[in-house]
Each structure stands twice: as C-alpha cells, then as structure tokens.
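Since the structure comes first, as structure tokens, the remarks are kept for the end.
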Amino acid sequence: MKMQEYIEEAESALLHTYNRYPVVFDHGDGVRLYDLDGKEYLDFVAGISVFAFGYNNKEYNDALKAQIDKIIHTSNYYYNVPAIEAAKKLKKATGLDRVFFTNSGAEAIEGAIKTARKYAYLKDGRTDHEIIAMEHSFHGRTMGALSVTGNPKYREAFEPGIGNIKFAKMNDYESVEKLVNDKTCAILFETVQGEGGIYPATEEFITKIRKLCDEKDILLILDEIQCGMGRTGYMFAWQKYGIKPDVCTVAKALGCGVPIGAFVMSEKVGAHSLVAGDHGTTYGGNPLAAAAADKVLSMYESTGILDNVKNVGAYLYEELDKIMKEHDDIIDHRGLGFLQGLEFDHPVGDIINRALSKGLVLINAGTNIIRFVPPLVISKADVDEMIGILKDCL
Ligand SMILES: *Cc1c(COP(=O)(O)O)cnc(C)c1O
C-alpha cells in the first residue's frame, strides 16, 4: 500500500485521539527517519524525548534480540536478571534506593502518588491527604496522573479526578507555601516542565521546596519523565541544583522505545510506604523491557553522551538565540541542554508542517511553542542543518 492509503486506513481504524502529521515513518538510522516513500528526515523530536541514542543503534538492538531469544516475560512473582541489573544501575544514576518498574510514565506517576499517600497514612492514619502540583504541568493521561496535571483543558471532561489535589504556581514559592497544611503528603512537579512550555524550576524555588518538605516531612516528588535521562546535560535535572527528591519518576528515554518507566525512592520512603500486596503490574520490568533499560543505562555510562548534550546543547542555545533576534514574532527562548523551546506570538502548527515537508521533524509544546528534543547523539552539523531548514520555514 502507498503512504496515503495507509493514512486513510489509519483514520478509519484507529480512535481519533491524535491529530497526526501526514507521514508514515518506516525506518530510522542515527538521527534520520525515512518514510514509506523513502524520503529522508532529520529528527529533532526523538519520539518525544525517547530515542536518546538514535535509531537502529546496533549495541541496543543486539541486546534486545539476545533477550528475545532467551526469555521475554515471566512475572513479577519471580526474579529476573535484566530487572535486577537495571535497578542497580538506576539506583546508581539517581542516588536513590528502591526501584519499581512500570510500563509508562503515567503509571510511574500513579505509583508515586500511591507511595506518598501510603507514607502519610502510616504516620497519621488519615485518608484525606492532599498533594500540591503545579499549574501548566503534565504528568500523563491515566486518572491519577490526569488529576495532578495542571492544564484544566485536559481534565475537565473527565472530572471528578482523584481529589485532594491543589495547584500552585511553578517557581512561586509563596503560592506553594500557602497551600501546605497538616494534610499535605507530597509536592509534585517536573524539574523542567515539558509539555506545559519548557519552564525549568529555578534554583531558589527547588531548594526552598526541598527545605519545606524536610521541615514538614512532606515527600518531594520530581517528575523526570521528560527532562531526566540526560536530556538537560545532567543524568537527572535535579542534580544540577545539588538536591535530591524523595521520589523520582522516570520513563521515556529509560527504554529508548521499549515501554518501561520507573518510580524510584529513598530507603526511608521505601521502608515506610508500599508493601507486598499494595502495588503491582503484569508487564512492568519484564525481562525484555528491563533488558532495554539495562542496556540504555549502561550506554549512558560508556558513551560520555552527557558531554555531547552539554556541548551541542549550548551550541543549539546560541543558534536559537540568534534566530529569536532575527524574528519579531519569537517572544521567548528557554530550556536546558536538549530540552529547549522557542515561543512565538502565534500558533506554530504551520511552521511544523512546513518543516516536515522540507524533511525536518519538529514538535510543539502547547500551541505557540516549538519544542526541540532531539536524540542526545545529535551533532553541531545536525544543528546547523536544522537551523537552515527552520529559517526557510519562518
Ligand atoms: C510524557 C510524560 C508523562 C507521561 O508519560 P507516558 O509514558 O506517556 O504515560 C508524564 N510526565 C511527563 C513530564 C511527561 O513528559
């Protein structure tokens, strides 16, 4: 079938929950994607912050193939070596102590919420604990994750949510402090807001929140599903600020395409929250998914990829700054490493469509922001090529 025929089939078979771009990608290599007609694209999306090492990476593919031939699934009632190895590496990378593997980011958020509620319940026996989340946040589409997502547009039709969620303003400490009371069990935010518009937490905000949480024994949950796994030039974005969360959620690049996420916590929280029977998953951290995470984590250690993010990320920052100066309709540029955004004073859909027709894959964050989340292996030459195409599209 031709590409257009596949697209028509898709529109008659799949539930229309996405306004998809008119392309069927067939295969990829490095930072390049190829559609069914063989047209080549430079990828600055990475499956939205997922494919850190680029497509068709031999070391990664070989590890998955070897695991497929061994065993794909058992059950979490049995130990499996890839999950043990991956957990060990994730502990080392986060500096935290206890790992629960999930199938997705949203599920990692669900687990973090349950952890916080159980931790508080064991202290005071109450069942009306509150969580403080941030406006403009994004934490996923399941009911719990949706309930802590700060965009009312995503939530409204599905109310009531899980309840006892309050929203404060990111980087406005007083707005958080005002909402804290003796029922507060957790403060949750993305270290760098992704979907909501690429807003990094300020150092002042995050350190003050850490202190507040310590004083009141409230759990600090940092959602690193998008900004973690090296995207900011740090393995986890909070490492830039010299603080540590009590619970951290990870997904997206953790599996580099194989569905796996995790929530990771300190020993103290692990020892005083979820116990046998409290939480589970059939697929989460199965041998195939965990083999992907194990290989991915080992590649972060062996490749020095964080240096590339720091160097080329800084270069991307300079180049996007130049573009902003040349265009009056670009009103802001922000972000860290390979998580950057250009904010326009109008919707960016047309620009993204033009880029796609010229062989550049870009994605928005909200309606007015172009989000740059390329594979972490992108080079300065790739940045130059992207900038050249982008200029033609503006
Ligand atoms: C993508 C994302 C999620 C949800 O992850 P899924 O795997 O799509 O469920 C949660 N939080 C953040 C910050 C994300 O970017």
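The values are calculated or read from the model by the stated rules, or taken from the named source; none is laboratory data. Everything quoted here is computed from the prediction, not taken from an experiment. Using ideal geometry, Cβ is built from the backbone for each residue, glycine included, and neighbour counts are taken over all protein chains shown. What goes into the accessible areas is simple: the full protein's heavy atoms, side chains included, and nothing from ligands, DNA or RNA. Shrake-Rupley method; radii C 1.70, N 1.55, O 1.52, S 1.80 Å.
Brief remarks on what is shown
- Residue within segment 96-105 that is polar (S, T, N, Q), touching a Phe, Trp or Tyr at 6+ places or on another chain (Cβ under 6 Å) and either closer than 24 Å to residue 240 by Cα or crowded, with 19+ Cβ neighbours inside 10 Å (or both) present: yes
- Scanning segment 122-143 for residues that are more than 14 Å from the ligand (Cβ to nearest atom), out of contact with any helix residue (DSSP H, G or I) (no Cβ under 6 Å at 6 or more places or on another chain), closer than 25 Å to residue 285 by Cα and of a type in the set (A, V, I, L, M, F, W, C) turns up nothing.
- Any hit, segment 22-42, residues being charged (D, E, K, R), part of a helix (DSSP H, G or I) and farther than 15 Å from residue 362 by Cα: no
- Sole residue being among the charged types (D, E, K, R), within 16 Å of the ligand (Cβ to nearest atom) and either open to solvent by 10 Å² or more (accessible area, probe 1.4 Å) or assigned by TED's automatic domain parsing to the domain that holds residue 110 (or both), chosen from 224, 204: 224
- Some residue of segment 67-74 being part of a helix (DSSP H, G or I) and open to solvent by less than 90 Å² (accessible area, probe 1.4 Å): yes
- Summed over segment 364-388, residues that are in contact (Cβ under 8 Å) with a residue 40 or more places away in the chain, buried (at least 19 other Cβ atoms within 10 Å of the Cβ) and not in a loop (DSSP other than H, G, I, E, B) total 7.
- Filter result (in a helix (DSSP H, G or I), small (Gly, Ala, Ser) and at positive phi) within segment 236-281: none
- Residues being open to solvent by 50 Å² or more (accessible area, probe 1.4 Å) and either under 22 Å from the mean Cα position of the chain (by Cα) or of a type in the set (Asp, Glu) (or both) - total across segment 330-363: 3
- Extreme residue, farthest from the ligand (Cβ to nearest atom), among residues of segment 166-199 that are hydrophobic (A, V, I, L, M, F, W, C) and open to solvent by 10 Å² or more (accessible area, probe 1.4 Å): 180
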